[in-house]
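Undergrad: I'd like to ask you about the structure that follows.
The values are calculated or read from the model by the stated rules, or taken from the named source; none is laboratory data. Predicted, not measured: the structure shown is a model, and the values here were computed from it. Because the Cβ atoms are built from the backbone with ideal geometry, glycine has one as well, and the counts that use them run over all protein chains shown. Calculation scope for accessible area: heavy atoms of the full protein, side chains included, ligands and nucleic acids excluded. Shrake-Rupley method; radii C 1.70, N 1.55, O 1.52, S 1.80 Å.
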Amino acid sequence: MDKKPSALHEREGVSQQETTSAAAAEKIKLSRVKQNSVTDFVTGILAGNITLLSKAITLVESTNTKHQQKANEIIDLCLPHASNSVRIGITGVPGVGKSTFIETFGKHLTAKGKKVAVLAVDPSSSVNKGSILGDKTRMERLVTDTNAFIRPSPSGSSLGGVAQKTRESIILCEAAGFDTVIIETVGVGQSETAVHSMVDFFLLLKLSGAGDELQGIKRGIIEMADAIVINKADGENIQNAKIAKVAFNRALHLYPLKESKWQPKVLTASALHNSGIQKIDKMISEYLVLTKANLYFEGKRNAQNKFWLLATIDQQLKDNFYKKNKIKKALQEEIDNLESGKTTPFNAAKRLLKM
C-alpha cells in the first residue's frame, strides 16, 4: 500500500530566497538611481529649492568621504553665487532669549521682503554626542514663513560648539537667495570666537537684573561685540534694563575705537513684545553703510577667509593623523607606557609625530 505524502513536505516554488534577494537588490539599485546628482543640487539650490538645500547641508555635515566629495563639488559650483548676504552672529548665555529674539527679528525682516536663513548650532552632549535640535520647535512662527529657512545643526566636538561646516552652509544659503544669514551660537566656551570669525555683525544679548551688568567691565566677549542688546526689557524689568544699558555704555567707552571705526551701541528690547526690534535693524544698517564705505567690510571678509583656510588645514592634518592605523596602534602603546610611568606625554607625542 502506497504511503500518503506528509503534510510537512516543502512544496516546489515556495519561498525562494534568491527571488527575495534579487528583489531587494533591485530596490536598492532603483533608490541609488533616484539620488540627486551634483547638477541637480546646484540647479535646485540656485532656484531656491529648500528641500535640496537641506539635503546639501546634510551632505556638508556628513563624515562619509563620498558625501564630502559630493558636497565640495556642490559648494565650488555655488560659490560664484554666494557672498551677497549680511551675516549676523547672535550669542548670549542660555536663558537670555536667543530663539525668541531671532524669531521676532527674523519675522521683522521677512515682513520687509527679506529672505532669512537661520543656522542654529545646538549643543551636543559630551556623553552620548546627541543633540536635541529643538530650535524649530521654539521658532513656531518663523518656521512656517515662506521667506525663512531654519537649520539646526549639532555642534559636535568642533571649536566652541560651532558646527565645523557652518561656513559651507552659509555659502549654500547665500546661493539659494537668502540675503540675511543669522548664526546662533550656544553661548558657551569659545563659540563666540568662532562665530565672530564668520560674520559681518556680532550681536551680544544680555539680561538685566541678574548681576550681569558687572560683566561689562571685562574684556573678551564684550570687545568682540558690535552691539549689546539688553533683552526681556518689559514689565517690571524695564527699569533694570535701563540701568544695565548705562553700565554697559560706560564699559564700552573704556575700550579703544574699533578698527571698523564703529562705536558699539547698547540698546534695550523685548523680543516677546516686539519692542526695540526696528531700532536694532536700523543700527545694523548704519553699521553696514559705514563699514562698506571705509572698506572694512570687504577687508574683514578677506581676513576671515584666510583664517578659515589655516583652520581647515589644521583640522585636516589632525584628522589624517588620527585616521592612520599605524598611529592608532602606536598611540595605544604610548598611552600604556604613560600609565606605567615609562615615558612622559611630551616624549610620547614626539615619537608619534615622527611616525
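Undergrad: With every protein chain left in place, what is the accessible area of E61 in Å² (1.4 Å probe, nearest 10)?
TA: 60
Undergrad: Can you give the accessible area of V289, probe radius 1.4 Å, in Å² rounded to 10?
TA: It works out to around 100 Å².
Undergrad: Which percent of the Cα-Cα distances in the stretch 194-337 go past 28 Å? Walk me through the numbers before you get to the answer.
TA: Working: 4043 of 10296 pairs.
So the portion of pairs separated by more than 28 Å is 39 percent.
Undergrad: Taking the Cα-to-Cβ direction at I243 and at N64 and moving 7 Å from each Cα, how far apart do the two end points lie in nm?
TA: Going from the I243 label point to the N64 one covers 5.6 nm.
Undergrad: Could you pull out the pairs from K55/K115; K165/K232; K115/K282; K232/K279; K98/K279; K107/K206 whose alpha carbons sit more than 24 Å apart here?
TA: Working: K55/K115 19 Å; K165/K232 32 Å; K115/K282 17 Å; K232/K279 15 Å; K98/K279 17 Å; K107/K206 21 Å.
With Cα atoms farther than 24 Å apart: K165/K232.
Undergrad: Right, next: Name the residues whose placed amide hydrogens come within less than 5 Å of the amide hydrogen of V86, ignoring near sequence neighbours (fewer than 5 apart) on the same chain.
TA: Close amide H contacts, sequence-distant or interchain: T180, V181.
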